[in-house]
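Trainee: Take a look at the following structure, please.
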């Protein structure tokens, strides 16, 4: 008969689990949202068109829904991560990186670039674009992992 060994000090109830990649990507995305939002507040909300303002608010709401789904472990979380992550990356790229092209522009480039754009604006926008891509990629990975299981 095997004799059970006593737990080592500090080991009771501290099972180590690796972090969930989708949750990590969601946290990074949430931080990017905050940084980008801070830049918009710094620049002033009057420098964007009403279309950019409202589309940004829709993106924020969908992002918050995605974060809630991810942290609740909802089965739709990976699909929302894919949709919101990639849509955010494409939308922010079109709005900020392309020269002015429509009412949906808040362009950092070209002859008619937005006012108040600084190095911080560039960092915030590229951080959010990268975080959106990361969330979308990890969401795809999670969807494929679910299907394989």
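The values are calculated or read from the model by the stated rules, or taken from the named source; none is laboratory data. A quick note: this is a predicted structure, and the numbers were derived from the prediction, not measured. Reconstructed Cβ throughout: ideal geometry from the backbone, glycine too, with neighbour counts over all protein chains shown.
Trainee: Enumerate the pairs (first residue in segment 24-36 and more than 22 Å from residue 52 (Cβ to Cβ); second residue anywhere and buried (at least 24 other Cβ atoms within 10 Å of the Cβ)) with beta-carbon separation below 6 Å, excluding pairs fewer than 6 apart on the same chain, so at least 6 apart or on different chains.
Mentor: That search, which allows pairs on different chains as well, returns 25/135; 25/138; 26/70; 28/131.
Trainee: Regarding residue 145, is this residue closer than 16 Å to residue 23 by Cα and crowded, with 16+ Cβ neighbours inside 10 Å?
Mentor: It is false that residue 145 is closer than 16 Å to residue 23 by Cα and crowded, with 16+ Cβ neighbours inside 10 Å.
Trainee: Please go through segment 35-48 and pick out each residue that is surrounded by 13 or more Cβ atoms within 10 Å (Cβ to Cβ) and assigned to a helix (DSSP H, G or I).
Mentor: Hits for segment 35-48 are 35, 36, 37, 39, 40, 43, 47.
Trainee: Could you tell me whether segment 76-89 includes any residue that is in contact with a helix residue (DSSP H, G or I) (Cβ under 7 Å, 6 or more places away or on another chain) and either free of Cβ contacts under 8 Å to residues at least 12 places away in the same chain or surrounded by fewer than 16 Cβ atoms within 10 Å (Cβ to Cβ) (or both)?
Mentor: Within segment 76-89, one or more residues are in contact with a helix residue (DSSP H, G or I) (Cβ under 7 Å, 6 or more places away or on another chain) and either free of Cβ contacts under 8 Å to residues at least 12 places away in the same chain or surrounded by fewer than 16 Cβ atoms within 10 Å (Cβ to Cβ) (or both).
Trainee: Here's another thing I want to ask about it. Exactly one of these conditions fails for residue 20: (1) in contact (Cβ under 8 Å) with a residue 24 or more places away in the chain; (2) surrounded by 14 or more Cβ atoms within 10 Å (Cβ to Cβ). Give me its number.
Mentor: Going through (1) in contact (Cβ under 8 Å) with a residue 24 or more places away in the chain; (2) surrounded by 14 or more Cβ atoms within 10 Å (Cβ to Cβ) one by one, residue 20 breaks only (1).
Trainee: Does residue 114 satisfy the condition of being assigned to a helix (DSSP H, G or I), surrounded by 14 or more Cβ atoms within 10 Å (Cβ to Cβ) and either touching a strand residue (DSSP E or B) at 6+ places or on another chain (Cβ under 6 Å) or touching a residue at least 12 places away in the same chain (Cβ under 8 Å) (or both)?
Mentor: When the stated conditions are applied, residue 114 does not pass them.
Trainee: Now for a different question. List the number of the failed condition for residue 104; all other conditions in (1) under 16 Å from the mean Cα position of the chain (by Cα); (2) within 19 Å of residue 33 (Cβ to Cβ); (3) touching a residue at least 12 places away in the same chain (Cβ under 8 Å) hold.
Mentor: Only one criterion in (1) under 16 Å from the mean Cα position of the chain (by Cα); (2) within 19 Å of residue 33 (Cβ to Cβ); (3) touching a residue at least 12 places away in the same chain (Cβ under 8 Å) is unmet by residue 104, namely (1).
Trainee: So which of 79, 124 ends up being under 30 Å from residue 145 (Cα atoms), modelled with pLDDT of 95 or more and in a helix (DSSP H, G or I)?
Mentor: Exactly one of 79, 124 is under 30 Å from residue 145 (Cα atoms), modelled with pLDDT of 95 or more and in a helix (DSSP H, G or I), namely 79.
Trainee: Follow-up. Only one of (1) over 16 Å from the mean Cα position of the chain (by Cα); (2) in a helix (DSSP H, G or I) fails for residue 85. Which number is that?
Mentor: Of the numbered conditions (1) over 16 Å from the mean Cα position of the chain (by Cα); (2) in a helix (DSSP H, G or I), the odd one out for residue 85 is (1).
Trainee: Go through (1) out of contact with any helix residue (DSSP H, G or I) (no Cβ under 6 Å at 6 or more places or on another chain); (2) assigned to a helix (DSSP H, G or I); (3) under 24 Å from residue 149 (Cβ atoms) and name the single condition residue 70 misses.
Mentor: (1)
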